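Below is one structure, written out as structure tokens, with a few remarks after it.
The values are calculated or read from the model by the stated rules, or taken from the named source; none is laboratory data. Bear in mind the structure is a predicted one, so any value in this text is a computation, not a measurement. As a convention, Cβ positions derive from the backbone with ideal geometry for all residues, glycine included, and neighbour counts pool all protein chains shown.
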Amino acid sequence: MKLRGSKAWRALLSVRRLRHSDDPESEEGTALVELAISLPIILTLLTGAASFSLAFYFLQQLGNATSTGVQLVAANQGLVSDPCETAAAAVEAALPNWTTTKLTFTMSWTDSTGGSHSEGPVAEASSTTFSCASAGDGSTDTSTAMGPNTPVVLTVSYNYSWLPIFKFTPSSALTSTEAALAY
């Protein structure tokens with residue numbers, strides 16, 4: 001009996017074709033489709049993690065620079081004519097590669113009678129923009145000059161772009177507040 005060419009042979013071939021469709025080699029494009037779906041998700045997660053890590057690093061640098069600025073002002077209480085300008089210059093010097101126009105400064109101090117004073121928030125255009133000569137050495141106004149053994153508080157904010165590699169990205173303020181005792 002001749003099997004090839006018969007109806008039984010054709011039925012057997014169609015069954016063999018069905019069985020071969022379960023073979024992994026017949027699913028040639030599925031790996032590419034899976035990659036096309038999962039790659040954007042993985043890249044978004046990696047970019048977000050990198051951006052968050054960079055923001056945290058910037059916040060640490062901002063905290064260190066703010067601490068430097070307020071300690072300099074507190075240590076030189078009564079010796080500088082404009083403590084706000086001194087603090088702004090110290091912060092900018094501690095952050096050499098940062099865009100200084102994205103910085104905003106606020107300083108609070110207590111005078112020798114216990115009165116509280118504040119200057120800012122002031123967006124920085126240059127280190128001479130943030131000024132509080134009245135808190136200085138007392139040459140302009142002794143009633144508002146920083147008193148000895150009183151707190152000085154400096155707050156610095158930086159407008160941080162979350163995904164700096166893209167042109168239009170969301171941004172938010174990274175803020176650091178540090179205090180020191182004027183002596």
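Quick notes on this structure:
- Residue match in region 157-178 (condition: of a type in the set (D, E, K, R), assigned to a loop (DSSP other than H, G, I, E, B), within 18 Å of Gln61 (Cα to Cα) and at pLDDT below 80): no
- Search result, residues across region 60-85 that are farther than 14 Å from Pro151 by Cβ, at pLDDT below 90 and either of a type outside the set (A, V, I, L, M) or touching a Pro at 6+ places or on another chain (Cβ under 8 Å) (or both): Asn76, Gly78, Ser81, Asp82, Cys84, Glu85
- Cβ pairs under 6 Å, 6+ apart, first in region 85-105 and touching a residue at least 60 places away in the same chain (Cβ under 8 Å), second surrounded by fewer than 17 Cβ atoms within 10 Å (Cβ to Cβ): Thr104/Pro121; Thr104/Ala123
Yes/no matrix, rows are residues, columns are (1) surrounded by 10 or more Cβ atoms within 10 Å (Cβ to Cβ); (2) more than 26 Å from Trp162 (Cβ to Cβ); (3) at pLDDT 85 or above:
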{"residue": "Met1", "(1), (2), (3)": "no, yes, no"}
{"residue": "Lys7", "(1), (2), (3)": "no, yes, no"}
{"residue": "Arg10", "(1), (2), (3)": "yes, yes, no"}
{"residue": "Arg19", "(1), (2), (3)": "no, yes, no"}
{"residue": "Glu25", "(1), (2), (3)": "no, yes, no"}
{"residue": "Glu28", "(1), (2), (3)": "no, yes, no"}
{"residue": "Ser38", "(1), (2), (3)": "yes, no, yes"}
{"residue": "Leu43", "(1), (2), (3)": "yes, no, yes"}
{"residue": "Ala50", "(1), (2), (3)": "yes, no, yes"}
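- Scanning region 37-95 for residues that are in contact with a helix residue (DSSP H, G or I) (Cβ under 6 Å, 6 or more places away or on another chain), assigned to a helix (DSSP H, G or I) and more than 22 Å from Ser176 (Cα to Cα) returns no hits.
- Within region 96-123, considering residues that are of a type outside the set (Phe, Trp, Tyr) and part of a loop (DSSP other than H, G, I, E, B), the one modelled with the lowest pLDDT: Ser112
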